[in-house]
Amino acid sequence: MENTEQFTGMSQVERQMRVDLAACYRLAALYGMSDLIATHISARLPDEDGREVFLINPYGMLFDEITASSLVKIDSEGNALSATEHPVNWAGFVIHSTIHAARPDVACVMHTHTRAGVAVSAQPRGLLPISQQSTLILNSLAYHDYEGLAVHDDERARLRNDLGDAEWFMLRNHGLLTVGPTIAHAFWSMYIFETACQIQLSAQAGGELLEIDPQVLAGVEAALEKMGTAHPALLAWPALLRRLDRLLPGYRD
């Protein structure tokens, strides 16, 4: 049962965003996409007094510990705007803050350091057109070369330019990143991204690969439109929350 006392005086928009973001962190843990306390999933809240405001994980908590009330509200400089016993990892937020500033269409940025994601990011050709999952990604996939830990402001411009208007972002020798208009979209995209990378590594272990025809790749967007259903992320999200309620309850607190 959700503890409503912790949300007294909070807008319904922020309260729902906290619940969804806490769920996203726990789903990342459930599906093996966490890295102890490293990486972030950030969500943009409506502006407060003209300021850009975000929710992010308290640095020091495992993803499966995150709750709606434990998420930290920060500004675009990484300054905490809500009480927390944990610090905010500014080095990790450099990438997120850059993307949020460059992409007003993005409400959520999700970044992972999974073994499969890092492994494929270290391959010269990156993600290969060898699976149905990869076909969903390749028409909106961008790459960014590794420059060390993301702590230098001069990297921001290159991050912005490399991402452009893509939905999927492969950080070379580093990991995967997705953006979305909702938290559900960002998680669904990351699930597909991670799965495509796992499939690629498994396929490469088996020898010669059969690549998908470029004409098929070019027709993916039209094929998706022809399906005429709601976005898979929005269809899957309620079911994912039900799974969390069974296996990792408490994220709503």
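Just so you know, all these numbers are worked out from the coordinates, no wet-lab data involved. Note that the coordinates shown come from a computational prediction; the quantities given were computed from them, not determined experimentally. Cβ atoms come from the backbone with ideal geometry, glycine included; neighbour counts cover every protein chain shown.
Could you put 111, 174, 152, 86 in order, starting from the residue whose Cβ has the fewest other Cβ atoms within 10 Å? Walk me through the numbers before you get to the answer.
Working: 111 27, 174 22, 152 11, 86 14.
Ordered by Cβ neighbours within 10 Å, fewest first: 152, 86, 174, 111.
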Check: With a ≥ b ≥ c the root eigenvalues of the C-alpha gyration tensor of the range 206-253, is it rounded (a/c under 1.5), prolate (a/b larger than b/c) or oblate?
Finding: oblate
Next item on the list: Among 57, 95, 170, pick out the residue whose Cα is farthest towards the positive end of the charge dipole of the range 8-247, where Lys and Arg carry +1 and Asp and Glu carry -1 on C-beta, about the Cα centre.
Entry: 57
Check: So how compact is the range 1-129: Cα radius of gyration and Dmax in angstrom?
Finding: 15.3, 52
Next item on the list: On a C-alpha basis, how far is the centre of the range 25-58 from the centre of the range 206-242 in Å? Whole number, if you could?
Entry: 25 Å
Note to self: Pairs of alpha-carbon atoms within less than 8 angstrom and 6+ residues apart define the contacts here; what relative contact order does the range 137-182 have, in percent?
What the structure shows: 44 percent
Next item on the list: Divide the volume of the convex hull of the Cα atoms of the range 8-247 by its number of residues and quote the answer in cubic angstrom per residue.
Entry: 138 Å³
Note to self: Connecting C-alpha atoms closer than 10 Å in a GNM of the chain, tell me which of 125, 26, 103 has the biggest fluctuation.
What the structure shows: 125
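Subtract the Cα-Cα distance of residue 225 and residue 11 from 0.36 nm times their separation in residues, and report this length gain in nm to one decimal. Before the final figure, lay out each step's value.
Working: separation 214, 0.36 × 214 = 77.04 nm, distance 3.52 nm.
Extra length from residue 225 to residue 11 when fully extended: 73.5 nm.
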Next item on the list: Obtain the nm distance between the two label points defined at residue 38 and residue 153 by a simple spin-label model: each point lies 7 Å from its Cα along the Cα-to-C-beta direction.
Entry: 2.6 nm
Item checked: Value of D in µm² per second that Stokes-Einstein yields for the range 158-232, Kirkwood Rh from Cα pairs, at 4 °C (1.567 mPa s) -> 88 µm²/s
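So if I place +1 on the C-beta of Lys and Arg and -1 on the C-beta of Asp and Glu, and nothing else carries charge, what would the dipole magnitude of the range 8-247 be about its Cα centre? I want it in debye, nearest 20.
580 debye
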Check: Can you pull the percent of Cα pairs in the range 59-145 with separation above 23 Å?
Finding: 40 percent
